[in-house]
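The values are calculated or read from the model by the stated rules, or taken from the named source; none is laboratory data. Owing to the predicted nature of the structure, the values given are computational and were not obtained by experimental measurement. So basically every Cβ, Gly included, is an ideal-geometry build from the backbone, and we count neighbours across all protein chains shown. The area values use the complete protein model at the heavy-atom level, side chains included, leaving out ligands, DNA and RNA. Shrake-Rupley method; radii C 1.70, N 1.55, O 1.52, S 1.80 Å.
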Amino acid sequence: MTTKDFDIVIIGGGHAGVEAALAASRMGKTSAIVTMDAKKLALMSCNPAIGGIGKSHVVKEIDALGGIMGMAADAAGIQFRRLNLSRGPAVWSTRVQCDRRHYNDYIVEYVSRANKIEIIEDLAGEILTENGRVKGIRTESGEIILCEVIIVATGTFLGGLIHIGEKKIKAGRIGEKAAYKLSDSFRGLGFEISRLKTGTPPRLNGDSIDWDKCQIQPGDEPMPLFSHQTKRVAFEQTPCYLTYTTAKTKEIILENIKRSPIFSGQLNSTGPRYCPSIEDKFYRFVDKPRHQLFLEPEGNGTSEVYPNGFSTSLPEEVQVAAIKTVTGLEQVEITRPGYAVEYDYCPARQIKANLETHLIKGLFFAGQINGTSGYEEAAGQGLMAGINAVLQIEKEPPFILDRSEGYIGVMIDDLTTRSTTEPYRLFTSRAEYRLSMREDNARDRMADYAEKYNLLPKTVLNSFRELQNKTKQSISSFKKVRLTAEDLLNYSNELNNMNSMTLEHFLKQPRISIARAMPLLVSYNGEFRDRLEVLERAAIFIRYQGYIEKQQREIDKFKKLEHEAIPEDFIFQAITGLKREATEKFQRFRPDSLGQASRIEGITPGDVAVLSVHLKRHKATA
Amino acid sequence: MMTTTSQKSSINEDTIVAIITPPGEGGIAAIRLAGRQSLAFLSKHFRAIRKDESDFKPFLMRYGFFVDDNLQKIDEILAVFMPKERSYTGLEQIEIFSHGGSLVVKKIQEILLKSGARAAEPGEFTKLAFLSGRIDLSKAEAVAEIIEANTQKSYDVAREHLIGNYSEHIEKLRTELIEILAEVEASIDFPEEEIDPEETSQLVDRLNNLAQSIKELADSYTGGRIISEGFKVAIAGRPNAGKSSLFNLLLKQERALVTPTPGTTRDYLSEWIELGGQAVNITDTAGLRSGGGVIEKAGQSSAKKIMGQADLIIWMADLSQKKWAENLSEDLNENLNRNSIILGNKIDKVSVDKKTEELLSDYNVLPLSCLTGQGIDSFKRVLVNAIAESMPDLTSGLVVTSARHQQKLKSALAEIKQAKSKLAENQSPELTALDLRLAASELAEITGRIYNEDILGQIFSKFCIGK
Ligand SMILES: Cc1cc2nc3c(=O)[nH]c(=O)nc-3n(C[C@H](O)[C@H](O)[C@H](O)COP(=O)(O)OP(=O)(O)OC[C@H]3O[C@@H](n4cnc5c(N)ncnc54)[C@H](O)[C@@H]3O)c2cc1C
Ligand SMILES: Nc1nc2c(ncn2[C@@H]2O[C@H](COP(=O)(O)OP(=O)(O)OP(=O)(O)O)[C@@H](O)[C@H]2O)c(=O)[nH]1
Ligand SMILES: [Mg+2]
């Protein structure tokens, strides 16, 4: 009799793999992270920044579900900002520029202290299966590791191929290896594999930059943090800088554009439209004379700088010539060239909402392999895959967040119902129920799940419940407090013609900025003086209450279809009266619920109605 | 989406019945039964002319009498049975062909209803056809309209819908909405980009234009409804004016009771006739006057309701009454602020002097006599013209004929108005976006769904985005 070596094998110790292992550990299961380099756990391959618009919501959700990303970003943060502050609180987004080394060290240290996680430095080469279920893996060095469940989180390494001008290197990140055998194993198992690409800018020596020619962008005070568990941060805030390309930059790039592998035809895979290379920007938006670049420090103890906005795969000498035409970078030294990387991914219609593949039981995919891009997206999936792997071992129903519960839910739903044509990134506009899915209420949305699956220590949950209570108290006190005309004037002298009103009424006014009103809130709520979070949460609640009620009707409609589950043995081909294209779509995506079916691209409300009737019949006869 | 009740009926117990030929005169009328008990219900009331032809075989015509519960013959009929595997509705189905004439057909329907069949909801057969997979929804609505089309004009409009001009137009409106939404979304998702989202005032202008187009479409519903539901005419007036007499005259049939006693008509009566190529629904109502008993009052209040729903009111005055002109002036103030034709009946009983003539022209009264037929022809001409004038312009083919569509358009309009004022007041863009999204999904419920990807697609194609 063979005993399993581990409950779970996780291939790849990137952002997805690490969250998966930590979730499993908290839930009491053993896991092995099989990864190329044990020192590079959750390494930031590209820009050392966490969060930003849309992504920050996921970090908050990960944090509320006991994940590590938020804590690590806070701990390694060198600049903290809250983007979109002039818009409504639903789209406020935290962004933390990190010290790359420190972030990585923090995670390596944290994982080493976690229970039941073993790191195995090796390359996974083959998935072993038995009767349609995973059995274990074989590594490239020949070792066999048995397990119940496998989570694949291989990032940009599957069939990774780097391009710098005419040069090609087999690697997932510069200076590292690539995983080709594993790709073959997936093909052998019958998975459909496609290719995507992404890119990164060259890195610069900060000492050679003329900072005076650039515009400074300081961090925000008070410092917005990701994690409610963060007690202190390691570094002082460091500014970033803004600068622009020049007419000369444009000229050099367009002159040499044929030498970029994207334009020479050497590289055909699709890259992200929201993160185009500099040559792409000049080519596609030919009317635009210049583009902005953000100069971001790579860390505290290093002078290396990341020129955000200058991703490129042009030959190194062209990169050098072009970047020296950017304002402030005339004398700059490139420390490492930019490059594009092409890699294999498995179009995510091949996975279910719990991230398990349709094809093989016990095989889960998380992160870039599903066609996403970005640390946060990967981490969010890793966390969900870790939890769902454990639930499967325990024969419990899966944990699925729907589109009204969180950005993680939106992301996985998008992945499983739409064909990826470019690397997938989150935006707030992807979330139709945006007003009720905010950073400030991520914990309200996740706390019950965190409790149910034991993802957070009791003390942490208790203190959150207390915060919830205080928020409630605060909301009712806002209804009672009356502001005087003087208060209003103090807030802004534009309010000179307004009568005294309750704090609640005041906060509902669209032109009142909650951020600006904080001092006023503090002055009337002495007891919460040092719990600014409570006041802010209460104010946001009041601001959106009416709109959220309006949105709730949509959510109710949506939930009804979500709860109509489609059994796994349901045979879509047997539906009469469905257009052939619709039948094919349903077969390809194998939706888990009527709601999911309705969102599959190209499916019409009519197709859903037909499916719904047959589903009812199926259930009646089952 | 179909409602649950109709889904139930397809799988469930109900057997439904309806007359499927257009209302009004015709040689033959057809009645359809669909549901588990179709054959049972028919067999109970069918007596074959030849004894050896009393069993129903699939798609075989049977000839016999339709009889009521007392075995009284109602009409000679032909009937055909269709098993559920091969019927339009996907349910066991019977079609009965009887002699035309609304009375006989309605009698047959009534008897079947009494046996336990349920009256089909409008379009329910098509709904069933859709639910059983015989046809798909994108076409079902249009098919339903075509089936229900009882005039050439309504058929034309339904065909436009089926062919797609209409949905193309709505799709265009939706695309414009999504383009505007994309501008708003871009300002949220890419605040650090140097995109210069269209000036707010420009967006407000675009929303205004969009709102205008949607409003025009929504407004076309009144005409659209007339096309698909028929033109509604109410005959109203004081008791004993001769309303029922006119009703019978237009129907060419002694349909309503006529007596010299005022207050004869208690409840209203409705019938279909064809006038100038239009299906016209004529309703005879109870006479309006102050006072009267409980029953009469009830009749009067339903008369007022009918008048409210009518596309045209024929108001009838009784010229044989001395104070007819005074009464009329009172009535006009009280009851008639709508599209109407005023008739002066019983002209045969009065001698028309100069004063009467003046009064008639002052009040724009058309004199006639239901008794002698005097003035009836010119009244009919006036009526046909009035109907023709109320018909919508069909040259563009873009007419809303479904109440559901109109309601969606109106909701979309309301959301767009809110978005517009938020934009103008420079409120947070995520709130404007919410309104625009709701508006888009209202439109999408007419034609198809909205994907977030569409919005992003717009953003990426327009702006150079990304660090
Ligand atoms: C050049 C470049 C540019 C990028 N640019 C951007 C950008 O601009 N914006 C953005 O949002 N994101 C960008 N990314 C993407 C971002 O880095 C990834 O989305 C994110 O890291 C994915 O996380 P992951 O956990 O899926 O995989 P990764 O973080 O890539 O981790 C994968 C891990 O798996 C290991 N591994 C892989 N295969 C095997 C195997 N067979 N056996 C053992 N170990 C294996 C690797 O060693 C690695 O540790 C870029 C990535 C690269 C490489
Ligand atoms: N002389 C004459 N009598 C008419 C004429 N039209 C109707 N009558 C008579 O007027 C009486 C009332 O006619 P109805 O048609 O029942 O009148 P009504 O308006 O429907 O009456 P209510 O239903 O009671 O409100 C009957 O006795 C008719 O025969 C007409 O043109 N000339
Ligand atoms: Mg009458």
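Of the helices (runs of 4 or more DSSP H) lying entirely inside region A:228-297, those containing at least 2 residues that are open to solvent by 40 Å² or more (accessible area, probe 1.4 Å) and within 13 Å of chain B (Cβ to nearest Cβ) are A:278-284. The condition (being outside any loop (DSSP other than H, G, I, E, B), charged (D, E, K, R) and surrounded by fewer than 16 Cβ atoms within 10 Å (Cβ to Cβ)) is satisfied by just one residue among B:110, B:95: B:110.
If we scan region A:484-497, do we find a residue that is in contact with a strand residue (DSSP E or B) (Cβ under 9 Å, 6 or more places away or on another chain) and farther than 30 Å from residue B:441 by Cα? Yes.
Screening A:312, A:243 for residues that are in contact with a Gly (Cβ under 6 Å, 6 or more places away or on another chain), more than 16 Å from ligand 1 (Cβ to nearest atom), modelled with pLDDT of 95 or more and within 24 Å of residue A:48 (Cβ to Cβ) leaves exactly one candidate, A:243. Across region B:269-307, the number of residues qualifying as part of a loop (DSSP other than H, G, I, E, B) and either away from ligand 3 (no atom under 12 Å from the Cβ) or surrounded by fewer than 19 Cβ atoms within 10 Å (Cβ to Cβ) (or both) comes to 7. Scanning region A:435-482 for residues that are farther than 25 Å from residue A:555 by Cβ, open to solvent by 60 Å² or more (accessible area, probe 1.4 Å) and within 26 Å of the chain's Cα centre (by Cα) yields A:454, A:457. Cβ contacts < 8 Å: first residue more than 18 Å from residue A:19 (Cβ to Cβ) and open to solvent by 20 Å² or more (accessible area, probe 1.4 Å), restricted to region A:408-421; second residue assigned to a loop (DSSP other than H, G, I, E, B) and modelled with pLDDT under 95, any location; separation 6+ or different chain. Result? Every condition considered, the pairs that remain are A:418/A:600; A:418/A:601; A:418/B:451; A:419/A:601. For region A:159-182, the condition of being away from ligand 2 (no atom under 16 Å from the Cβ), out of contact with any Lys or Arg (no Cβ under 7 Å at 6 or more places or on another chain) and farther than 30 Å from residue A:339 by Cα holds for none of the residues. Of the residues that make up region A:567-580, is at least one among the β-branched types (Val, Ile, Thr), more than 30 Å from residue A:230 (Cβ to Cβ), within 10 Å of chain B (Cβ to nearest Cβ) and surrounded by 18 or more Cβ atoms within 10 Å (Cβ to Cβ)? The answer is yes; a qualifying residue exists. Looking at A:488, A:435, A:455, just one residue is free of Cβ contacts under 8 Å to residues at least 24 places away in the same chain and touching a helix residue (DSSP H, G or I) at 6+ places or on another chain (Cβ under 7 Å), and that residue is A:488.
Count of region B:331-372 residues, restricted to those that are touching a residue at least 60 places away in the same chain (Cβ under 8 Å) and either in a loop (DSSP other than H, G, I, E, B) or away from ligand 2 (no atom under 16 Å from the Cβ) (or both), is 3. Each residue in region A:506-521 was checked for being within 11 Å of chain B (Cβ to nearest Cβ) and either in a helix (DSSP H, G or I) or hydroxyl-bearing (Ser, Thr, Tyr) (or both), and 2 of them qualify. With respect to being away from chain A (no Cβ under 14 Å), at pLDDT 80 or above and either assigned to a helix (DSSP H, G or I) or in contact with a Gly (Cβ under 9 Å, 6 or more places away or on another chain) (or both), residue B:437 falls outside the description.
Considering A:127, A:107, A:137, the condition of being in a helix (DSSP H, G or I), open to solvent by less than 30 Å² (accessible area, probe 1.4 Å) and away from ligand 2 (no atom under 16 Å from the Cβ) is satisfied by A:107 alone.
If only residues of region A:79-100 that are aliphatic (A, V, I, L, M) and more than 7 Å from chain B (Cβ to nearest Cβ) are counted, the one that is nearest to residue A:47 (Cα to Cα) is A:96.
Once region B:239-254 is narrowed to residues that are within 11 Å of ligand 3 (Cβ to nearest atom) and part of a loop (DSSP other than H, G, I, E, B), the residue that is surrounded by the most Cβ atoms within 10 Å (Cβ to Cβ) is B:241.
Taking the criterion of being assigned to a loop (DSSP other than H, G, I, E, B) and open to solvent by 80 Å² or more (accessible area, probe 1.4 Å), the residues of region A:489-505 that qualify are A:496, A:497, A:499. Looking at A:21, A:72, A:76, A:90, just one residue is farther than 23 Å from residue A:275 by Cα, away from ligand 1 (no atom under 16 Å from the Cβ), under 21 Å from the mean Cα position of the chain (by Cα) and modelled with pLDDT of 95 or more, and that residue is A:90.
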